[in-house]
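To start, the structure under review is shown below, and the notes come after it.
The values are calculated or read from the model by the stated rules, or taken from the named source; none is laboratory data. Remember, it's a predicted structure, so these values are computed and weren't measured experimentally. Cβ placement follows ideal geometry from the backbone for every residue including glycine, while neighbour counts extend to all protein chains displayed. Protein only, heavy atoms only, side chains kept; ligands, DNA and RNA dropped before computing areas. Shrake-Rupley method; radii C 1.70, N 1.55, O 1.52, S 1.80 Å.
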Amino acid sequence: SQTIHQWPATLVQPVGSPLSLECTVEGTSNPNLYWYRQAAGRGLQLLFYSVGIGQISSEVPQNLSASRPQDRQFILSSKKLLLSDSGFYLCAWSLGGNYEQYFGPGTRLTVT
Amino acid sequence: KQEVTQIPAALSVPEGENLVLNCSFTDSAIYNLQWFRQDPGKGLTSLLLIQSSQREQTSGRLNASLDKSSGRSTLYIAASQPGDSATYLCAVNAGGTSYGKLTFGQGTILTVHP
């Protein structure tokens, strides 16, 4: 069966510090991968998606970036965090664009 | 631009009641619609996926319906239990070249009290 992991589970970082969040999927090959952010009062917002290694599409202009160095690994990064980057970050996967999406446990990021 | 609205924003019911959660979307050109459950501080759990060609989808005590032409979906929960307490989210997928990008509603917070 397929499993999706995210780490860390919780992170507290000062403004201006770098960020790296990791997501890995087990039990499937060539999945579509997605990064979402859930901020208080703003619902779930798609940040990035990837249909293959090295292929990243950005949905929202911001100081975040994403990379996919391996088939089942998706990384969310920032060089300098802003207060507005605080939120709950969720990674998801699907077999393709028309298929059911499955979400990971999330990372709670607090920027202080 | 697709917009998804969920009504009510919050719902509190006694255990055993049957209940309906509503989801509406502005653009009927969807490929499928997915209902999720989210417990506090946790990720999303997929409950039901209903394709645009389907009218209903059932899983246990859950039944989701879809009226694509009117831009509406409902999630029916039968014989509610305290363990059903969570936030319920619906999301629409435009399919095709959208690559599975989901547009979410704001959610309905459900509380089932004993």
Filter segment B:43-54 down to residues that are open to solvent by 60 Å² or more (accessible area, probe 1.4 Å) and modelled with pLDDT of 95 or more, then give me how many there are. 1
Taking segment A:93-111 only, how many residues are among the charged types (D, E, K, R) and open to solvent by 60 Å² or more (accessible area, probe 1.4 Å)? 1
Please go through segment B:102-111 and pick out each residue that is open to solvent by 50 Å² or more (accessible area, probe 1.4 Å) and facing chain A (nearest Cβ under 9 Å). B:Q106
Do you know which residues across segment B:10-41 are surrounded by fewer than 15 Cβ atoms within 10 Å (Cβ to Cβ) and modelled with pLDDT of 95 or more? B:A10, B:S12, B:P14, B:E15, B:G16, B:E17, B:N18, B:V20, B:T26, B:D39
Among the residues of segment A:32-51, is there at least one that is in contact with a strand residue (DSSP E or B) (Cβ under 6 Å, 6 or more places away or on another chain), of a type in the set (A, V, I, L, M), part of a strand (DSSP E or B) and open to solvent by 60 Å² or more (accessible area, probe 1.4 Å)? no
Could you tell me whether any residue of segment A:70-92 is open to solvent by 10 Å² or more (accessible area, probe 1.4 Å), more than 15 Å from B:G43 (Cα to Cα), hydrophobic (A, V, I, L, M, F, W, C) and assigned to a strand (DSSP E or B)? yes
Against the conditions (1) touching a helix residue (DSSP H, G or I) at 6+ places or on another chain (Cβ under 7 Å); (2) of a type in the set (A, V, I, L, M); (3) closer than 18 Å to B:F36 by Cβ, where does A:L90 fall short? Just the number, please. (1)
Across segment B:77-101, what is the number of residues that are within 11 Å of chain A (Cβ to nearest Cβ), open to solvent by 10 Å² or more (accessible area, probe 1.4 Å) and modelled with pLDDT of 95 or more? 1
Any residue in segment B:89-108 that is under 16 Å from A:Y49 (Cα atoms) sitting within a Cβ distance under 8 Å of a residue that is of a type in the set (K, R) and modelled with pLDDT of 85 or more? List the pairs, counting only those 6 or more apart or interchain. B:N93/B:K101; B:A94/B:K101
Would you say A:T24 is in a strand (DSSP E or B), touching a residue at least 24 places away in the same chain (Cβ under 8 Å) and open to solvent by 50 Å² or more (accessible area, probe 1.4 Å)? no
Qualifying positions in segment A:33-55 - aliphatic (A, V, I, L, M) and either without any contact (Cβ under 8 Å) to a residue 12 or more places away in the chain or out of contact with any Gly (no Cβ under 7 Å at 6 or more places or on another chain) (or both): A:L33, A:A40, A:L44, A:L46, A:L47, A:V51, A:I53
